[in-house]
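Trainee: Input: one structure, supplied below.
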Amino acid sequence: MAEISHDSGSHKKSGKKRSKKLPTRIDFTPMVDLGFLLITFFMLATSLIKPQTMEITMPSDKKVEDVDKTIAKASQAVTVILGKNDKVFYYFGKTEGANVIETTYAAEGLRKILLEKNYNVAKQVEDLRVEKIKLRMDEDLFQRKMAEIKANKNAPVVRIMATDEANYKNLVDALDEMNICSISRYAIVDIDEPDRLLIKEKGI
Amino acid sequence: MPKVKIRRKSTWIDMTAMCDVAFLLLTFFMLTSNFTKKEPVLVATPSSVSEIKIPETNIMTVLVDPSGKVYFGIDGQDKRQQLIEKMAEIYKVSLSPDEIKRFSLIDIFGNPMYAMKAFLNLSPEIRDLPQNNLGIPADSTNNQFKEWVRAARDVNPELRIAIKADQKTPYPVIKKVMKSLQELDENRYNLITKLETAPGK
């Protein structure tokens, strides 16, 4: 910019109407500065990492009977109770006379139990994943096969019950385990009367 | 010995090319960027193995902070304007056009309707302070949160619900939010989490 402005004055005296050639070279350094400044701003102000999300579908209020129906099959039922201080408890089958066992959110804890219970489905899902990579299966077919596997009638049904002392992380951890263990049928349910008694009795 | 004359080279560097690069990058960032939304509270979301990304538009954000305050926000300025007009009508709060305009510029807020007018008249710098955000009531006796969701759904039927809560949020608060959504037949929603690597997969 400096070069453009220094031509004024001096050659006007000569009287000749010869315009002095302006240097065509412009110093771009300030413009580069500005450019990079703006880049920096945009880089800092944007969120490049989009947050992950976990999709959940809750049972509707109107379909309560449906949930009850699934619970009726005691042999498949697993109840997970989220307690205080990051403790988690589970039992199989009916509430009456249930053998409540304490476990953890770690890989050897809840996940191991659920995988054992859901062994058939988890195995099939695992095989399907391997197959998908080996045979370059397309996404559509993969999803369809996955849905078929997950529709297994003998797969366990998990009820997740959170006590009032549990926190949000516990809930997400529990839901996450359902995803990891390929459990398709699970529900977050309110603590009902028999379970309330059980929780009280066991001091969870 | 003759002196070796070192020719002075010009220090002038042509910046044009660099300028081109800078502005190319600038254009890229401007076009691809979506700004980080300013949130009144910082929440540490729990991690999960889920890899589904959240869409950018048509999102209803429900923010729950560790103390159990509920915040609410939808995207789209015109949508927000319609929303506040609806809510003002329901709760009989009279808001001036200026206040409505101000509301439409707020991404996310957490105030009961009776405090809304005062909240909108605060200067933007102090609006996000915790003491100015009382949380939206979501109790069964005064469930304003439910009304917000209902009104937002009327304004924009394509909204998807995203719940963003802190790890330490007590479960009863989450339960309250989930119950309210359930009562409105909003059975599908997203829980925002951060990425954790899936075990052995």
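The values are calculated or read from the model by the stated rules, or taken from the named source; none is laboratory data. Not measured: the values here are computed from a predicted model. For neighbour counting, all protein chains shown are included, and Cβ atoms are generated from backbone atoms with ideal geometry for every residue, glycine included.
Trainee: If I ask for residues that are of a type in the set (S, T, N, Q), at pLDDT below 75 and exposed (fewer than 15 other Cβ atoms within 10 Å of the Cβ), which ones from region A:128-158 would you list?
Mentor: Of the residues in region A:128-158, the ones of a type in the set (S, T, N, Q) are A:143, A:152, A:154.
Restricting the remaining residues to those that are at pLDDT below 75 gives A:152, A:154.
Matches in region A:128-158: A:154 only.
Trainee: I'm checking my understanding of the structure. Among residues of region A:135-166 that are within 14 Å of chain B (Cβ to nearest Cβ) and touching a residue at least 24 places away in the same chain (Cβ under 8 Å), which one is nearest to the chain's Cα centre (by Cα)?
Mentor: Result: A:160.
Trainee: Also: Specify the residue that is surrounded by the fewest Cβ atoms within 10 Å (Cβ to Cβ); the eligible residues are those in region A:96-116 that are under 19 Å from residue B:47 (Cα atoms) and touching a strand residue (DSSP E or B) at 6+ places or on another chain (Cβ under 8 Å). Quick ask: steps written out before the conclusion?
Mentor: Residues of region A:96-116 that are under 19 Å from residue B:47 (Cα atoms), as a first pass: A:104-111.
Of the ones still in play, those that are also touching a strand residue (DSSP E or B) at 6+ places or on another chain (Cβ under 8 Å) are A:104-105, A:109-110.
Numbers: A:104: 13, A:105: 17, A:109: 15, A:110: 24.
By that ranking, first place goes to A:104.
Trainee: Further question on the same structure: Show the residue pairs meeting these rules: Cβ distance below 6 Å; 6+ apart or different chains; first residue within region B:38-59 and in a strand (DSSP E or B); second residue among the small types (Gly, Ala, Ser).
Mentor: What qualifies is B:59/B:162.
Trainee: Test residue A:82 against the stated conditions and say whether it is within 12 Å of chain B (Cβ to nearest Cβ), in contact with a helix residue (DSSP H, G or I) (Cβ under 7 Å, 6 or more places away or on another chain) and crowded, with 19+ Cβ neighbours inside 10 Å. Step through it out loud before you land on a result.
Mentor: Details: within 12 Å of chain B (Cβ to nearest Cβ): yes; in contact with a helix residue (DSSP H, G or I) (Cβ under 7 Å, 6 or more places away or on another chain): yes; crowded, with 19+ Cβ neighbours inside 10 Å: yes.
Taking the combined requirement at face value, the residue satisfies it.
Trainee: Sort out which residues of region A:107-122 are away from chain B (no Cβ under 14 Å) and either part of a helix (DSSP H, G or I) or aliphatic (A, V, I, L, M) (or both), and write them in order of number. Spell out how you get there, then give the answer.
Mentor: Looking only at region A:107-122, we keep the residues that are away from chain B (no Cβ under 14 Å), and these are A:113, A:116-121.
Across region A:107-122, the qualifying residues are A:113, A:116, A:117, A:119, A:120, A:121.
Trainee: Additional query: Could you check residue A:89 against (1) at pLDDT below 80; (2) under 14 Å from residue A:174 (Cα atoms) and say which number it fails?
Mentor: The number of the failed condition is (1).
Trainee: What helices (runs of 4 or more DSSP H), lying completely within region A:132-204, carry at least 2 residues that are farther than 22 Å from residue B:45 by Cα? Walk me through it before giving the result.
Mentor: Values: elements: A:139-150, A:168-180, A:193-202.
Passing ranges, in order: A:139-150, A:193-202.
Trainee: Has region B:142-157 got any residue that is surrounded by 13 or more Cβ atoms within 10 Å (Cβ to Cβ), within 7 Å of chain A (Cβ to nearest Cβ), of a type in the set (S, T, N, Q) and more than 16 Å from the chain's Cα centre (by Cα)?
Mentor: Filtering region B:142-157 down to residues surrounded by 13 or more Cβ atoms within 10 Å (Cβ to Cβ) leaves B:142-153, B:155-156.
From the residues that got through so far, the ones that are within 7 Å of chain A (Cβ to nearest Cβ) too are none.
Within region B:142-157 (the criterion being surrounded by 13 or more Cβ atoms within 10 Å (Cβ to Cβ), within 7 Å of chain A (Cβ to nearest Cβ), of a type in the set (S, T, N, Q) and more than 16 Å from the chain's Cα centre (by Cα)), the answer is no, since none of the residues qualifies.
Trainee: Hey, another quick one. If you check every pair at least six apart or on different chains, which have Cβ atoms under 8 Å apart with a residue in region B:172-188 that is at the interface with another protein chain (Cβ under 9 Å from one of its Cβ atoms) and over 20 Å from residue A:165 (Cα atoms) first and a residue that is assigned to a helix (DSSP H, G or I) and at pLDDT 80 or above second?
Mentor: B:181/B:149; B:183/B:146; B:186/B:149; B:186/B:153; B:187/B:181
Trainee: Quick check on region B:9-35: of everything there that is of a type in the set (S, T, N, Q) and loosely packed, with under 12 Cβ neighbours inside 10 Å, which residue is farthest from residue B:129 (Cα to Cα)? Lay out the reasoning, then the answer.
Mentor: Step one: list which residues in region B:9-35 are of a type in the set (S, T, N, Q), which gives B:10-11, B:16, B:27, B:32-34.
Subsequent filtering for residues that are loosely packed, with under 12 Cβ neighbours inside 10 Å retains B:10-11, B:32.
Numbers: B:10: 56, B:11: 52, B:32: 30 Å.
Out of the qualifying residues, it is B:10.
Trainee: Kindly check whether there is at least one residue in region B:66-87 that is touching a strand residue (DSSP E or B) at 6+ places or on another chain (Cβ under 7 Å) and within 12 Å of another protein chain (Cβ to nearest Cβ). If you could, list the steps in order and put the result at the bottom.
Mentor: Narrowing region B:66-87 to residues touching a strand residue (DSSP E or B) at 6+ places or on another chain (Cβ under 7 Å): B:68, B:70-75, B:80, B:83.
Cutting the leftovers down to within 12 Å of another protein chain (Cβ to nearest Cβ) gives us B:68.
Yes, region B:66-87 has at least one match.
Trainee: Name, by its number, the condition in (1) more than 9 Å from every other protein chain (Cβ to nearest Cβ); (2) surrounded by 14 or more Cβ atoms within 10 Å (Cβ to Cβ); (3) modelled with pLDDT under 80 that does not hold for residue B:38.
Mentor: All conditions are met except number (2).
Trainee: Pairs needed: first member in region A:29-48, part of a strand (DSSP E or B); second member anywhere, modelled with pLDDT under 90 and of a type in the set (Phe, Trp, Tyr); C-beta distance under 8 Å; at least 6 residues apart or different chains.
Mentor: Pairs found: A:46/B:29; A:46/B:35.
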